[in-house]
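Report on the following structure.
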Amino acid sequence: MSMPAHGGMSGSASAESSEQDRDVRLAALEAEVARLRDHQEVCRVIASYGPLVDTTSTAQQAAQLACLWHEDGIYDIGAVGAMQGREAIAEVFAERHFDMVPSGVCHVMGLPHVRIDGDRAIALNYSCVFRPDGEERFYAWRVSANRWELRRVAGIWRIDRRTNRLMNGHPDARALLDDIDGPIATETRDQQ
């Protein structure tokens, strides 16, 4: 390779280096867009739960809602129990929610903290269920911590396991949130 008199690279070497830099930047950008898309899809699954459950009043709707989970998924609601499989999950909606829908119910999902590792994700958030108290007022009926374990199959994110615990001071609820930031949170707590 010939070097110009001023000690720089030749034009063809500079162009090749520039092309390689562009390819590296493009690959990094594509990876970042894919990560953001996965994050958005995980959040979409979680955000869709509230409006879906609040309008579910038939067995057919409950079965559709249960499709947020994988076929063998688990919905663990603490004292209520852990339901495994879409059929059992749909049944718990029938038992616990059908009667609430006509009088009004509102599941509000807090913004989740999401960690994605390939085709798996863990999201942590709070949820609050509001019930009407007269014509214009509502009260918080349940406030819970949630751990959502999701898995992507054939490009679709679904729930493997949702664990829900009332925020009533019980250690199980706090334990769901203990790994909010993994090692960073542990180090911060240890320093206090």
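Just give me the residues in region 103-118 being under 20 Å from the mean Cα position of the chain (by Cα) and surrounded by 12 or more Cβ atoms within 10 Å (Cβ to Cβ), in sequence order. Don't jump to the end; show me each part of the working.
Going residue by residue through region 103-118, those that are under 20 Å from the mean Cα position of the chain (by Cα) are 106-118.
Hits for region 103-118 are C106, H107, V108, M109, G110, P112, H113, V114, R115, I116.
Could you please let me know if R35 is assigned to a helix (DSSP H, G or I), of a type outside the set (S, T, N, Q), touching a strand residue (DSSP E or B) at 6+ places or on another chain (Cβ under 9 Å) and exposed (fewer than 12 other Cβ atoms within 10 Å of the Cβ)? Don't jump to the end; show me each part of the working.
Values: assigned to a helix (DSSP H, G or I): yes; of a type outside the set (S, T, N, Q): yes; touching a strand residue (DSSP E or B) at 6+ places or on another chain (Cβ under 9 Å): yes; exposed (fewer than 12 other Cβ atoms within 10 Å of the Cβ): yes.
Yes, satisfied.
Please tell me if A140 is assigned to a strand (DSSP E or B) and over 12 Å from D54 (Cβ atoms). Can you show your working first?
Details: assigned to a strand (DSSP E or B): yes; over 12 Å from D54 (Cβ atoms): yes.
Considered against the rule, which asks whether it is assigned to a strand (DSSP E or B) and over 12 Å from D54 (Cβ atoms), A140 comes out as yes.
Is it true that some residue in region 113-125 is touching a Cys at 6+ places or on another chain (Cβ under 8 Å) and charged (D, E, K, R)?
Residues of region 113-125 touching a Cys at 6+ places or on another chain (Cβ under 8 Å): 114, 123.
Pick out the ones that are also charged (D, E, K, R) and you get none.
No, that holds for no residue.
Being crowded, with 19+ Cβ neighbours inside 10 Å, small (G, A, S) and part of a strand (DSSP E or B) is the requirement here; does A121 meet it? Step through it out loud before you land on a result.
Values: crowded, with 19+ Cβ neighbours inside 10 Å: yes; small (G, A, S): yes; part of a strand (DSSP E or B): yes.
Taking the combined requirement at face value, the residue satisfies it.
Name the residue that is farthest from C43 (Cα to Cα), counting only residues in region 147-183 that are charged (D, E, K, R), modelled with pLDDT under 95 and touching a strand residue (DSSP E or B) at 6+ places or on another chain (Cβ under 9 Å). Steps first, answer last, please.
Step one: list which residues in region 147-183 are charged (D, E, K, R), which gives 147, 149, 151-152, 158, 160-162, 165, 172, 174, 178-179, 181.
This time we only want the ones that are modelled with pLDDT under 95, so: 172, 174, 178-179, 181.
Right, trim to touching a strand residue (DSSP E or B) at 6+ places or on another chain (Cβ under 9 Å) and you get 172, 174, 179, 181.
Details: D172: 24, R174: 22, D179: 18, D181: 17 Å.
Filtering region 147-183 for residues that are charged (D, E, K, R), modelled with pLDDT under 95 and touching a strand residue (DSSP E or B) at 6+ places or on another chain (Cβ under 9 Å), the one farthest from C43 (Cα to Cα) comes out as D172.
Between L65, L52, which is surrounded by 19 or more Cβ atoms within 10 Å (Cβ to Cβ) and within 30 Å of R35 (Cβ to Cβ)? Working first, answer last.
Details: L52 fails: surrounded by 19 or more Cβ atoms within 10 Å (Cβ to Cβ).
Of L65, L52, the one residue that is surrounded by 19 or more Cβ atoms within 10 Å (Cβ to Cβ) and within 30 Å of R35 (Cβ to Cβ) is L65.
If I ask for residues that are closer than 16 Å to R142 by Cα and in a helix (DSSP H, G or I), which ones from region 52-102 would you list?
The answer is V53, D54, G78, A79, V80, F93, R96, V101.
Only one of (1) among the hydrophobic types (A, V, I, L, M, F, W, C); (2) more than 12 Å from R158 (Cβ to Cβ); (3) in contact with a strand residue (DSSP E or B) (Cβ under 9 Å, 6 or more places away or on another chain); (4) modelled with pLDDT of 95 or more is not met by A62, so which one is it?
It is condition (3) that A62 fails.
Give just the number: which of (1) closer than 18 Å to I159 by Cβ; (2) surrounded by 17 or more Cβ atoms within 10 Å (Cβ to Cβ); (3) at pLDDT below 95 does M100 not satisfy?
Failed condition: (1).
Looking at region 97-113, is at least one residue touching a residue at least 24 places away in the same chain (Cβ under 8 Å), at positive phi and not acidic (D, E)?
yes
The values are calculated or read from the model by the stated rules, or taken from the named source; none is laboratory data. Just so it is clear, the model here is predicted, and its values are computed rather than measured. FYI the Cβ positions are ideal-geometry reconstructions off the backbone, even for glycines, and counts take in every protein chain you see.
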